[in-house]
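Each remark here refers to the structure printed beneath this line.
Every number in this text was worked out from the coordinates using simple rules, so none of it is lab data. Not measured: the values here are computed from a predicted model. Quick reminder, even Gly has a Cβ in these numbers, built from the backbone with ideal geometry, and neighbours come from all protein chains shown.
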Amino acid sequence: MTGEYQEANFSHTKFIFVGFPEIAKYRHLLFLPFFLSYFVVLVGNSLILFVIKNTKSLHNPMYILVSVLAVVDIVVPTAIIPAMLLSFLFDWNEITLVGCLTQMFLIHFFSSVESTILLAMALDRLVAICNPLRYTAIINSSTFFKLLLFTLIRSGTIMSTLVGLAAPLSFCGSNVIHHCYCDHMALVSLACNSTAKNNAVGVAVIICFVGIDISVIFFSYVKILHVVLRAAAGDHRSKALNTCGTHLIVMMCFYFVGSVTFLSRNLSIPIPVDVNTFLGVTYIVFPACINPIIYGVRTKEIRNTLLKMFKKRVNAVTIKVSTVKY
C-alpha cells in the first residue's frame, strides 16, 4: 500500500531528450549541418545589427523592427542549438524540470515576439506605401511604446499561462522527451494527470498568434500589392511581386510549420518522431537563417551600406599593401 502511494506521488524532476531516434546511430553526423546553420544565424543577424547600428540613415522605424527581429533570431536558436550540438557530440541529453520549463518559456515567448514583429513590419509597410503623407504621424515613438506594451502583455501573459499550467503536472511515467528541446506538448504529453487545460491553451496560442497575426499580415500584403501594382509598371511590378512573395513564403514557413509541430500532439496527428523533431527545429532555424537576406541584403539601403563598407575595407587593405611594397 505504501509503495503504491509513493508511486502515485512520484514525479520526475529530470528528463532525457531523444531527438531523431530513428537515426540514433548517425546522430553525430547532424552536428555539422546544425553547427553551420547556427553559424549562419549568428553571422547574418549580427552583421545586420552592426550595419543598422553604425548607419544613422537607417535609424528609422522599419530598421528598428529589423534590428529587433535580428535579436530575436539570435536568442531563440541560442536557446536550443548549443545544447543540441553537445547532445549530438557527447550525448548530453539530460535537463531538469526547471531548466525545461525555462527553455520552454524562452522559446515560445520569443517566437511569439517574432510573430508580433512580423505583424508590425507588415503594418509599417502598409502605412508607408498606402498612406505616406501620414507615415510620421502614425509611426512614431508613441506607436513603438504601445507596440512594446502590447507585445509584452500578449506574449508574456499567454506564455506564462502556458508554462504555468505545465509546471504543476505530475510526470510519474516516462521521462523521455521525444524532441531536441522542451517543446510544450512534448513535455505535457508525458504527464500522468489531465492535460485538457494545457491542450486548450495550446490551441488558443495558435489561434491568437497564427489565426490573427497571419490574417492581418496577409491582408496588409494584399493591400500593398494592390496599391503598388496599380501605380507601377513593368519591372517595378515584377519587383513588387517578387519582394512580397518572398516575404510571404518565409512567413508561411514560420507560421505553418510552427503550427503543425505545435498542434501535432494536441490533435493526435500521426507524424513520425524524426519528422516532427525536424519540423520543430526548422520553424525556428530556417527563418533565422533567411531573415538577414530577406530583410537585410535584399533591402536596397542595407545592401548599399554593406557594399560601401566592403569597398572601404578593400581600399584600406589595398593602401596598406601598396605602402608595404613601396
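Structure above, values below:
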quantity	calculated
Net charge of neighbours whose Cβ lies under 13 Å from the Cβ of residue 285, counting Lys and Arg as +1 and Asp and Glu as -1	-2
Length-normalised contact order for the stretch 104-184 - Cα pairs under 8 Å, 6+ apart - percent	51 percent
Normalised contact order of the stretch 14-306, rounded percent, pairs of Cα under 8 Å and 6 or more residues apart	29 percent
Sorted by Cβ neighbour density within 10 Å, fewest at the top, the residues 220, 37	37, 220
Whole-Hz couplings from phi, Karplus 6.51/-1.76/1.60, listed for the stretch 196-211; x for Gly and Pro	4, 5, 4, 5, 5, 5, x, 5, 4, 4, 5, 4, 5, 8, 8, x
Over the chain: helical MRE at 222 nm, DSSP H runs n ≥ 4 each giving -39500 (n - 2.57), nearest 500	-23500 deg cm²/dmol
Sorted by Cβ neighbour density within 10 Å, fewest at the top, the residues 94, 114	94, 114
Segment residue 286-residue 227, length gained on full extension (0.36 nm per residue, minus Cα span)	18.2 nm
For mean projected area of the Cα convex hull in nm², calculated from these coordinates, the label among [x] 25.5; [y] 22.5; [z] 34.4	[y]
Cβ charges +1 (Lys, Arg) and -1 (Asp, Glu), total dipole of the chain, debye	1960 debye
Listed residue pairs exceeding 29 Å between alpha carbons, taken from 146/312; 14/197; 146/223; 53/312	146/312
Contour minus Cα-Cα distance for residue 42 and residue 90 (0.36 nm per residue)	15.0 nm
Overall dimensions of the stretch 80-219 by Cα: Rg and Dmax, Å	18.8, 62
Table column - 3J(HN,Hα) (Hz), the stretch 52-62, Karplus curve with 6.51, -1.76, 1.60, x for Gly and Pro	5, 4, 9, 10, 4, 5, 9, 7, 9, x, 4
Per-residue Cβ neighbour rank within 10 angstrom, fewest leading, 74, 217	74, 217
For residue 92, distant residues with modelled amide H under 5 Å away	87
Extension gain from residue 253 to residue 138, taking 0.36 nm per residue of separation minus the Cα-Cα distance	38.4 nm
